[in-house]
Amino acid sequence: MPLKEDLNWRYATKKYDATKSVATEDIEKIIEAARLAPSSYGLQPYRVISISNQEIKNKIVPIAGNQQIVADCSHLLVFVAWDGYDKQRVDKIFNDTTDQRGLAKGTVFGSQTEAIVESQINLSEIEARIDTAKQACISLGFAIAQAAELKIDSTPMGGVNNAELDHLLGLDSKGLKSVYLLTLGYRQREGDWLVNLKKVRTPKDEFVIEIK
Ligand SMILES: Cc1cc2nc3c(=O)[nH]c(=O)nc-3n(C[C@H](O)[C@H](O)[C@H](O)COP(=O)(O)O)c2cc1C
């Protein structure tokens, strides 16, 4: 099925069938799509936490505005981002990249490498947080599209108290901050107020701003 049809099929599911689980291999495919997303300088300053534990999902419900989909979904992916850049983090990625490519250390972007490292580690805390969160969102988008291709329902979620979620998941000690959630599972049509409603988007000619 063309990607366009998958993207029209998907919607932000409002009610999941709590009795249905997504197969592990499908969860792996969705996470792999997230992992394969492009990132600035290939740094991938984000991670994905995959939660299928019912007790933890239940604990997240009140942190996520009492949205029941968190408890009823099969898996909850939490997209988390680095809380900032530091030389150790950047060097590790760049050194892994040169090692895997059989290149000399410090040459991943040729003569620009040192300047790139400096530009990243010199970002202010707020600049870095915005940068890493934006990149996590690209990864989230890939996961949503892959889920749709597999006919797995999903809901991206921003309605969450990030500080409380970070505390619950012990993210602070890992240098990570939660960004968005993605529930995965199978829709339960009864009780889902959105399932039969038209998908509404900004018209194409309004959406695209062409510069010819
Ligand atoms: C960043 C982001 C945050 C969102 N937060 C929530 C949320 O907390 N709860 C929810 O039910 N839907 C949430 N949504 C879903 C949107 O409301 C939905 O994607 C949008 O209305 C378009 O509808 P569609 O996805 O069904 O096509 C969120 C979507 C995005 C991209």
(request) Might you let me know whether the range 134-142 holds any residue that is of a type outside the set (Phe, Trp, Tyr) and without any contact (Cβ under 8 Å) to a residue 24 or more places away in the chain? (result) yes
(message) Return the residues of the range 47-92 that are surrounded by fewer than 17 Cβ atoms within 10 Å (Cβ to Cβ) and in contact with a Gly (Cβ under 7 Å, 6 or more places away or on another chain); say none if nothing qualifies.
(response) Gly65
(message) Name the single residue that is farthest from Val200 (Cα to Cα) among those in the range 8-19 being surrounded by fewer than 16 Cβ atoms within 10 Å (Cβ to Cβ) and out of contact with any Pro (no Cβ under 9 Å at 6 or more places or on another chain).
(response) Thr19
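Would you check if Lys174 is more than 15 Å from the ligand (Cβ to nearest atom) and outside the structural domain of Gly65 (by TED's automatic domain parsing)?
Spelling it out, it is not the case that Lys174 is more than 15 Å from the ligand (Cβ to nearest atom) and outside the structural domain of Gly65 (by TED's automatic domain parsing).
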(message) Checking Lys177 against (1) more than 20 Å from Pro62 (Cβ to Cβ); (2) of a type in the set (Lys, Arg); (3) within 18 Å of the chain's Cα centre (by Cα), only one condition comes out false. Which one?
(response) (1)
(request) Check off (1) within 16 Å of the ligand (Cβ to nearest atom); (2) surrounded by 20 or more Cβ atoms within 10 Å (Cβ to Cβ) for Val22 and give me the number that stays unchecked. (result) (1)
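Are any residues in the range 165-210 touching a Leu at 6+ places or on another chain (Cβ under 7 Å) and within 30 Å of Ile126 (Cβ to Cβ), and if so, which ones?
Of everything in the range 165-210, those that are touching a Leu at 6+ places or on another chain (Cβ under 7 Å) and within 30 Å of Ile126 (Cβ to Cβ) turn out to be Lys177, Ser178, Tyr180, Leu181, Leu182, Thr183.
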(request) Go through the range 8-56 residue by residue and tally those that are in a strand (DSSP E or B) and not hydrophobic (A, V, I, L, M, F, W, C). (result) 4
(message) I'd like to check something: does the range 96-116 contain any residue that is within 14 Å of the ligand (Cβ to nearest atom) and crowded, with 20+ Cβ neighbours inside 10 Å?
(response) no
(message) I want to confirm something. Restricting to the range 13-36 and keeping residues that are free of Cβ contacts under 8 Å to residues at least 40 places away in the same chain and of a type in the set (Ser, Thr, Tyr), which single residue is nearest to Gln146 (Cα to Cα)?
(response) Thr24
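Take the conditions part of a helix (DSSP H, G or I) and either of a type in the set (Val, Ile, Thr) or more than 16 Å from the ligand (Cβ to nearest atom) (or both) and apply them to Glu5. Does it pass?
No.
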(request) Determine if the range 125-135 includes at least one residue that is outside any helix (DSSP H, G or I) and among the polar types (S, T, N, Q). (result) no
(request) Confirm whether Ser40 is touching an Asp or Glu at 6+ places or on another chain (Cβ under 8 Å), within 19 Å of Phe142 (Cβ to Cβ) and away from the ligand (no atom under 16 Å from the Cβ). (result) yes
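Which members of the range 162-212 meet the condition of being assigned to a strand (DSSP E or B) and not aromatic (Phe, Trp, Tyr)?
Answer for the range 162-212, where residues must be assigned to a strand (DSSP E or B) and not aromatic (Phe, Trp, Tyr): Leu176, Lys177, Ser178, Val179, Leu181, Leu182, Thr183, Leu184, Gly185, Arg187.
The values are calculated or read from the model by the stated rules, or taken from the named source; none is laboratory data. As the structure is a computational prediction, the values presented were derived from the model and not from experiment. For neighbour counting, all protein chains shown are included, and Cβ atoms are generated from backbone atoms with ideal geometry for every residue, glycine included.
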